[in-house]
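J.: Sharing a structure with you now.
Since every read-out is calculated from the coordinates, none of them should be taken as a lab result. What you see is a predicted model, and the numbers here were worked out from it, not measured in a lab. Don't worry about glycine lacking a Cβ; one is built from the backbone with ideal geometry, like all the others, and counts go over all protein chains shown.
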Amino acid sequence: MAKFKALKDFVLLSGGEAISKVIGFVAFAYLARVVSPEAYGAIELAAAMLIFFSLLVDLGYGPIGAREISQDEDLTQEYVALISSARFILALVAVPLMCVAALFMNLSDSAIKLVWIFSLALLAAPWNQRWLFQGMDKMQWVSIGQLIRMLVFLFGIMWLISSTDDLMIVGYVEVAASFAMAIFFAIMQLRENIHLKLNFHLKKLLNLTNEAFSFGLSQSIWAFNQYLPTFLIASFVSAVDLAWYGASHRIVISLVTFSMVYHFNLFPALSKRLKHSLDAFYGLIIPSFKVTLWGGILIALGLTLLAEPIIILIYGEKFKMAALPLAITIWALPFTLLNGHGRWALVAAHQQRYVLYTQMSGTVAAVTSGLVLVPIYGATGGGITMVVTSFTVWVAANYHAKRLVAPIPFILKALPAFLLALAMIVLVYYLLPYNIFTAIGGIAGFIILAPLIDRQLINDLKRFMHVKDIPLD
C-alpha cells in the first residue's frame, strides 16, 4: 500500500480544488472590474441558485452510490446507470423550477434572464460522476474534472465579457463549462470500462431514491442554509449590498468547499473503519478533529485579520465595503469543518435521515436569525446568520452522532483553539496599532502557540498523514 495515501489523496483533491478556486477568483475578479456592482450581484445570485438546484438534482444519490461501490465494486455498473437516470429526470424538473423561483425575488429583468440561462447548466448534472471516482478511490479524476470546468469558464469570461452589456453571455459560458466537465467524466468512465447506460427501472429507481432521499434533502437544505442570506439580501436589501455580501461569501463558500473535499476524501476510509470497529473509527476521527479544528481556525483568523487587503486585492477598491462581511462570515468555516465529522459518520452508519434532521436545525437557525439580522444590517447581518447556522449544525450533528454512532470530540476540546484565536484578534485590533505587520504577527503567534497549548497536536498531525496507510485486520 502506498504511504501517506490519505495525504496524497487530499493533496490531489484539495490541490485541484485550490487551483480551480484560484481560476474562479480570477474570473470573478475580472467580472467585478468590468461590470457594475449591481450586475455582479446578479451573477452571484444566479450562481448561488444554480448550486442550490444542482443539489436538488443530485438528491443524495452520489454519497449513497460511493458508499455502495466502495464496499462492493460489482455494483458499479448498476449504480452508474440508475443514478444517471434519476438525475436526468430531476434535471428536467429542476430547470423550470429555478426559472420560476427567480420571478419571486425583487430582481431586474436582466437578472431574471441571467438566472434562466444559468438553469440550463443543470442538464449536465446527470453525467457529473464525481461520486463514481470517489467510490473507486480515484480522486485524481475528480480534481481534473473540476479544473476543466473552471478553465473553460475563465477563458470564456476573459474572451467574451468586456462590460455590463455582455451580462447574458456569462450564463452561456457557465453552461458550456458545466457540459465540458460532464464530457470529461464520461470519457474517464468509458476508460474504466463502465458503460454510459441509463436504467429507468421504476422499482429500482424508487428504492434508490428512498435510500438517498433523506441525505439528498439534507444536502439541499445545507445549500439553502448557506445561500439563504444571499436570497434574503436579494429580496429585502439593495443590489449593492448583494454585491458586497456576494463578494465576501464567494471567498468563504470557496473555502467551505474544501470542507466538502476534505470529508469527501475521507468518507470511504471512514465507512470502512466504522464497519470494522470503533477503535479503527477513532483512529481516524481524533486526528481528523485536530486537523480541522486548528487548521480551520487558522484560516478564519488569517482572513479576519487581513480582510480588507484581501478584498481589495481580489475585487478592487470599489469592493472595500465587503471587508467586514468577510471578517464575520469566515467563521462559518471552522464550524463547517467540524460538523462534517458527525454528518458523515451518520451516513457511514446508514443513519442519513439524521443528517437531514441536523440540517433542518440549521435551517431554523438560519431563518430566525436571517429574518431579523439581514433587513437591519444587510451584508453584515448575512455573515452573522451564516456563522450562527454553521454552529447550530455542529451542535446537532454531534448530538445525533453521539446517540447513534459514537461520541465525537466537541466544544470543550475545541475551546482552547477558539480562545487563542480570540486573543490574537483582540491583540491586533484593540491593543496594538493595526497594520498588515501586526496582522501577520497575530497569525504567526497563533501558529507558534498552538502546539504549546495542545501538546498532542504534532503527533495527531503525523497520525493523520498515515491514516489510510494502516491496513485493517
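J.: Under the rule a/c < 1.5 gives rounded, and otherwise a/b versus b/c splits prolate from oblate, where does region 5-465 land using the Cα gyration tensor? Numbers along the way, then the final one.
T.: Details: a/c = 1.58, a/b = 1.05, b/c = 1.50.
It is oblate, given that a/c is not under 1.5 and a/b is not larger than b/c.
J.: Taking 32 Å as the cut-off for C-alpha to C-alpha distance, list the pairs among Lys138/Lys203; Lys138/Lys197; Lys21/Lys290; Lys204/Lys275; Lys275/Lys462; Lys21/Lys275 that go past it.
T.: On the way: Lys138/Lys203 30 Å; Lys138/Lys197 21 Å; Lys21/Lys290 25 Å; Lys204/Lys275 25 Å; Lys275/Lys462 24 Å; Lys21/Lys275 34 Å.
Exceeds cut-off: Lys21/Lys275.
J.: Suppose every K and R has +1 on its Cβ and every D and E has -1 on its Cβ; what is the size of the dipole of region 36-96 about the Cα centre, in Debye to the nearest 20? Intermediate results must be reported in sequence, preceding the final value.
T.: Numbers: 2 positive and 8 negative charges, 45 e Å.
Rounded to the nearest 20 debye, it is 220 debye.
J.: With a cut-off of 8 Å between alpha carbons and a minimum separation of six or more residues, what is the relative contact order of region 5-465 in percent? Walk me through the numbers before you get to the answer.
T.: Values: 697 pairs, mean separation 91.1, N = 461.
Value for region 5-465: 20 percent.
J.: What full-extension length gain, to one decimal in nm, is calculated for Lys402 and Met260 as 0.36 nm per residue of separation minus the Cα-Cα distance? Each step should come with its number before you reach the end.
T.: Numbers: separation 142, 0.36 × 142 = 51.12 nm, distance 2.14 nm.
Once the chain is fully extended between Lys402 and Met260, it gains 49.0 nm.
J.: Ranked highest first by the average count of other Cβ atoms within 10 Å around their residues, in what order do 389-395, 454-460 fall?
T.: On the way: 389-395: 24.6, 454-460: 14.0.
Per-residue Cβ counts within 10 Å, averaged per peptide and sorted highest first, yield 389-395, 454-460.
J.: Note down the relative contact order for region 369-436 as a percent, whole number, built from C-alpha pairs under 8 angstrom at least six residues apart.
T.: Working: 21 pairs, mean separation 9.9, N = 68.
This gives 14 percent for region 369-436.
J.: Using only alpha carbon pairs under 8 Å that are at least six residues apart, calculate the relative contact order of region 45-181 and give it in whole percent. Provide the component values of the computation, followed by the final result.
T.: Numbers: 150 pairs, mean separation 41.5, N = 137.
Averaging sequence separation for qualifying contacts and normalising by length gives 30 percent for region 45-181.
J.: For region 274-415, what class follows from the C-alpha gyration tensor (a ≥ b ≥ c being the square roots of its eigenvalues): rounded when a/c is under 1.5, otherwise prolate if a/b is larger than b/c, else oblate? Present the calculation step by step, with values, prior to reporting the outcome.
T.: Numbers: a/c = 3.14, a/b = 1.70, b/c = 1.85.
Note, shape of region 274-415 comes out oblate.
J.: Tell me, in nm to one decimal, what length is gained between Val34 and Tyr429 on full extension, where the rule is 0.36 nm per residue of separation less the Cα-Cα distance?
T.: Numbers: separation 395, 0.36 × 395 = 142.20 nm, distance 3.36 nm.
Length difference between fully extended and current span is 138.8 nm.
J.: Only counting other Cβ atoms within 10 Å, I'd like Lys203, Lys413 sorted with the fewest neighbours first. Provide the component values of the computation, followed by the final result.
T.: Values: Lys203 7, Lys413 15.
Final ranking by Cβ density, sparse to dense: Lys203, Lys413.
J.: Continuing with this model, one more query. For region 336-470, would you read off the P(r) tail past 21 Å as a percentage of all alpha carbon pairs?
T.: 60
J.: Indicate the gyration tensor shape class of region 156-203 (rounded, prolate or oblate), computed on the Cα atoms with a ≥ b ≥ c the square roots of the eigenvalues: a/c under 1.5 is rounded; otherwise a/b larger than b/c is prolate and the rest oblate. The partial results should precede the final answer.
T.: Values: a/c = 8.40, a/b = 2.33, b/c = 3.61.
It comes out oblate by the Cα gyration axes.
J.: Hey, got the dipole for the chain? About the Cα centre, +1 on K and R Cβ, -1 on D and E Cβ, debye to the nearest 20? Don't skip to the end; give the middle numbers.
T.: Numbers: 31 positive and 25 negative charges, 189 e Å.
It works out to roughly 900 debye.
J.: Further question: At a Förster radius of 30 Å, what calculated FRET efficiency corresponds to the Cβ-Cβ distance of Thr164 and Ser238, to the nearest 0.05? If you can, show how the numbers build up before the last one.
T.: Details: r = 17 Å, r/R0 = 0.57.
It comes to 0.95.
J.: Would you work out which of Ile187, Asn106, His263 lies farthest towards the positive end of the dipole of the chain, given +1 charges on the beta-carbon of Lys and Arg and -1 on that of Asp and Glu, about the Cα centre?
T.: Value computed over the given set: His263.
J.: Given bins 10 angstrom wide, list per bin the percent of all Cα-Cα distances in region 71-228, short to long.
T.: In whole percents, the pair-distance histogram is 10, 31, 37, 18, 5, 0.
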